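The values are calculated or read from the model by the stated rules, or taken from the named source; none is laboratory data. Predicted model, so just to flag it, every value in this text is computed and none were measured. Note: ideal-geometry Cβ built from the backbone for every residue, glycine included; neighbour counts use all protein chains shown.
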Amino acid sequence: MTGQVSTSCESGAGGWSKPRRAALTGRGAVAAATGLATLALSGCITVKAPDKPIVIELNVNIRQEVIYRLAKDAGNTVEQNKDIF
Amino acid sequence: MIKDKVIDMIRTSKPLLAGIAMAIGVAGLAAPAMAQRDPAYAKARSSGEVGEKMDGYLGVVGSSTPALTAIVNDINIKRRALYTQKAQAANATIEEYAFAAGCQAILATSPGEKYQAPDGSWKTRTSAAPERDPRCPA
């Protein structure tokens with residue numbers, strides 16, 4: 001999956017032609033066009049969504065905390081059940 | 001109370017009877033903690049045919065045989081039953097408790113035994129500390 005590109009540039013800025021072309025051929029073409037028509041800002045803002053989905057790994061932090069809490073109990077379990085450990 | 005009875009027996013009854021009573025008492029107390037590994041399991045462990053996985057369960061190292069699979073399954077069923085019980089008491093999930101036990105079980109391996117490193121590969125335990133998941137407590 002490719003990231004969605006949305007670019008807004010000042011119309012007179014020749015140096016910014018490359019990103020604008022990328023925007024107009026991409027899925028963000030409508031957004032870019034709207035930006036050009038309504039904004040008269042000097043500069044260029046490019047927003048690009050990442051190619052991979054954003055994953056917040058809460059799981060790792062929660063588990064580390066839980067495992068820390070369980071460490072002593074689990075250690076005793078291993079120690080007291082030598083037949084299966 | 002039992003202790004009093006044993007002491008009473010030592011004092012009053014014949015020494016042989018007291019000896020038997022004490023032997024039973026000691027055996028009864030020591031049995032759960034002193035249970036030993038099944039010889040087949042002990043052999044598979046020391047020879048590196050089975051190893052401790054990160055998830056708290058036993059795994060077959062290398063090529064599997066029906067005998068090894070049987071040993072591993074037997075141990076893992078017992079471990080899971082124990083984890084289930086302990087996890088409930090500790091207000092944790094079975095997976096969390098098993099993982100915590102795995103950290104300890106890997107730490108408790110003897111040199112020559114196999115354990116699973118964080119990258120998933122099997123390592124042979126040396127006298128040095130084992131390579132463990134960063135989530136394992138020191």
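Quick look at the numbers
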quantity	calculated
Condition met for residue B:118 (closer than 30 Å to residue A:65 by Cβ and more than 17 Å from the chain's Cα centre (by Cα))	yes
Pick from region A:51-76, criterion in a helix (DSSP H, G or I), farther than 15 Å from residue B:102 by Cβ and of a type outside the set (Lys, Arg), ranking: modelled with the highest pLDDT	A:65
Checklist (1) touching a Phe, Trp or Tyr at 6+ places or on another chain (Cβ under 9 Å); (2) more than 9 Å from chain A (Cβ to nearest Cβ); (3) on the phi > 0 side of the Ramachandran plot applied to residue B:56, failing item	(2)
Complete set of residues in region B:71-121 that are more than 18 Å from residue B:133 (Cβ to Cβ) and of a type in the set (Val, Ile, Thr)	B:71, B:72, B:75, B:77, B:84
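For every residue, the table says whether it meets (1) crowded, with 18+ Cβ neighbours inside 10 Å; (2) in contact with a Phe, Trp or Tyr (Cβ under 9 Å, 6 or more places away or on another chain); (3) more than 13 Å from residue A:77 (Cα to Cα).
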residue	(1), (2), (3)
B:86	yes, yes, no
B:121	no, no, yes
B:131	no, yes, yes
B:136	yes, yes, yes
